[in-house]
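Input: a single structure, listed below in structure tokens.
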Amino acid sequence: MKKFINDLQSVMRESIGGMVAAHPQLLRAEFEPTFIARAERATNKVALISGGGSGHEPLHAGYVGRGMLDAACAGQVFTSPTPDQMLAAAAAVHSGRGVLLIVKNYSGDLMNFQIASEMMDLENATVLVNDDVAVENSTHTTGRRGVAGTVIVEKMVGAAAEAGANLLECKAIGDRVNAATASMGVAFTSCTVPAAGRTTFDIGEDEMEVGVGIHGEPGRRREKVKPAGLIVDELLQSILADLKPAPGRELLLHVNGFGGTPLMELYLLFHNAAERLGAQGLKVVRSLVGNHTTALEMAGASLTVTLLDDELKSLWDAPVHTASLRW
């Protein structure tokens, strides 16, 4: 295993410390229990809290800031944060208008966020993200997994909260964005969890995992690597079968890297996907390309499509200033 590590027990703490030190005007961190929050507490708005295991950076801490999250709770690599982290984060960032929890559909995350919600002495609600169309059930989830569509939900709900929407309105936006979003990915390699010291799964040099999860969970099947255009065709076929967009529908297209795929290849995938969507009478009017929901150093990528209307376009276009997104 070759990684930039001093000590296995300190990887998460040192990484969080580095992020905060690099963006002191945006972020602050607490470690007992661990959470990352806005450097300055926002006032008179619904507080948005998300989180999950480390190793998916910039999700979630990279999206703490104006126009997105108020706090993010980080667990150890690929391990859910604990309820005490969420309770501490909520106490630190709420401003009297309630707390919205944004949770990816993984069993550990779902259980611990639910416990925190029940223990929280604050008005709260939850948005469950389950955008992955690759599988309906796995050993990690009940139903579909939450993957790269989480960034889309956090951005649009964050804009609504920043504009003054109340708790129920923010939850309704989050649920609507999630329902309008579908994702699917492929992986060429596995990743190495530092504590394990070896790759999560073995895969041949000429193979790819179709429908892989963001922790390296298996997808629909394993097959030989194909040209990028054919991979895009397969991913879009499943995504569009799920969303069933009408001809002429406007879309947001997100091409997400899993950590080990260069931008040159991600933009090539965007070119192929946008071309194919256009050929089907669909209009890509918003975009996001890059490594946003990663699986450590795994090579691969996912496509995410969100159906847009005027309100969602406005929320996407709203100002945002975080460590990993700014416009």
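Is it fair to say Val210 is surrounded by 15 or more Cβ atoms within 10 Å (Cβ to Cβ), of a type in the set (Val, Ile, Thr) and in contact with a Leu (Cβ under 8 Å, 6 or more places away or on another chain)?
Working: surrounded by 15 or more Cβ atoms within 10 Å (Cβ to Cβ): yes; of a type in the set (Val, Ile, Thr): yes; in contact with a Leu (Cβ under 8 Å, 6 or more places away or on another chain): no.
The answer is no for Val210.
Could you please give the count of residues in the stretch 54-85 that are more than 20 Å from Ala39 (Cβ to Cβ) and part of a helix (DSSP H, G or I)? Walk me through how you get there before you give the answer.
From the stretch 54-85, those more than 20 Å from Ala39 (Cβ to Cβ) are 54-56, 75-84; that's our starting set.
Those left that are additionally part of a helix (DSSP H, G or I): 83-84.
Residues flagged as more than 20 Å from Ala39 (Cβ to Cβ) and part of a helix (DSSP H, G or I) within the stretch 54-85 amount to 2.
Is the stretch 50-66 home to any residue that is closer than 22 Å to Leu315 by Cβ, over 15 Å from the mean Cα position of the chain (by Cα) and touching a residue at least 24 places away in the same chain (Cβ under 8 Å)?
Looking for residues that are closer than 22 Å to Leu315 by Cβ, over 15 Å from the mean Cα position of the chain (by Cα) and touching a residue at least 24 places away in the same chain (Cβ under 8 Å), one finds at least one in the stretch 50-66, hence yes.
Here is a yes/no grid of residues against (1) assigned by TED's automatic domain parsing to the domain that holds Arg249; (2) without any contact (Cβ under 8 Å) to a residue 40 or more places away in the chain; (3) surrounded by fewer than 17 Cβ atoms within 10 Å (Cβ to Cβ); (4) in a helix (DSSP H, G or I):
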| site | (1), (2), (3), (4) |
| --- | --- |
| Glu118 | no, yes, yes, yes |
| Leu122 | no, yes, yes, no |
| Thr126 | no, no, no, no |
| Gly146 | no, no, no, no |
| Val151 | no, no, no, yes |
| Ala159 | no, no, no, yes |
| Ala172 | no, yes, yes, yes |
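Could you go through the stretch 245-265 and let me know if any residue there is more than 27 Å from Glu154 (Cβ to Cβ), of a type in the set (Phe, Trp, Tyr) and touching a strand residue (DSSP E or B) at 6+ places or on another chain (Cβ under 9 Å).
Among the residues of the stretch 245-265, not one is more than 27 Å from Glu154 (Cβ to Cβ), of a type in the set (Phe, Trp, Tyr) and touching a strand residue (DSSP E or B) at 6+ places or on another chain (Cβ under 9 Å), which makes the answer no.
Being touching a helix residue (DSSP H, G or I) at 6+ places or on another chain (Cβ under 8 Å) and in contact (Cβ under 8 Å) with a residue 24 or more places away in the chain narrows it down to one residue among Glu265, Glu217, Glu209; which is it?
On the way: Glu217 fails: touching a helix residue (DSSP H, G or I) at 6+ places or on another chain (Cβ under 8 Å); Glu209 fails: touching a helix residue (DSSP H, G or I) at 6+ places or on another chain (Cβ under 8 Å).
Exactly one of Glu265, Glu217, Glu209 is touching a helix residue (DSSP H, G or I) at 6+ places or on another chain (Cβ under 8 Å) and in contact (Cβ under 8 Å) with a residue 24 or more places away in the chain, namely Glu265.
Look at Met19 and say whether it is not in a strand (DSSP E or B) and not assigned by TED's automatic domain parsing to the domain that holds Ala172. Explain how you work it out, then say what you get.
Values: not in a strand (DSSP E or B): yes; not assigned by TED's automatic domain parsing to the domain that holds Ala172: no.
So Met19 fails the test.
Considering only residues that are under 25 Å from Leu296 (Cβ atoms) and not hydrophobic (A, V, I, L, M, F, W, C), which ones fall in the stretch 239-269?
First, pick out the residues of the stretch 239-269 that are under 25 Å from Leu296 (Cβ atoms): 239, 253-269.
Listed by number, the residues that qualify are His254, Asn256, Gly257, Gly259, Gly260, Thr261, Pro262, Glu265, Tyr267.
If you scan the stretch 93-109, which residues turn out to be part of a helix (DSSP H, G or I) and buried (at least 20 other Cβ atoms within 10 Å of the Cβ)? Walk me through how you get there before you give the answer.
In the first step, residues of the stretch 93-109 are kept if they are part of a helix (DSSP H, G or I); the result is 93, 107-109.
Within the stretch 93-109, Val93, Asp109 qualify.
For every residue, the table says whether it meets (1) of a type outside the set (Asp, Glu); (2) at pLDDT 95 or above; (3) on the phi > 0 side of the Ramachandran plot; (4) surrounded by 15 or more Cβ atoms within 10 Å (Cβ to Cβ).
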position	(1), (2), (3), (4)
Cys191	yes, no, no, yes
Ala196	yes, no, no, no
Glu217	no, no, no, yes
Val232	yes, yes, no, yes
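Surrounded by fewer than 17 Cβ atoms within 10 Å (Cβ to Cβ) and on the phi > 0 side of the Ramachandran plot: which single residue out of Gly281, Gly259 fits that description?
Working: Gly259 fails: surrounded by fewer than 17 Cβ atoms within 10 Å (Cβ to Cβ).
Exactly one residue qualifies, and that residue is Gly281.
The values are calculated or read from the model by the stated rules, or taken from the named source; none is laboratory data. Bear in mind that the values here come from a model prediction, so they are computed numbers and not experimental data. Neighbour counts run over all protein chains shown; Cβ positions are idealised from the backbone, glycine included.
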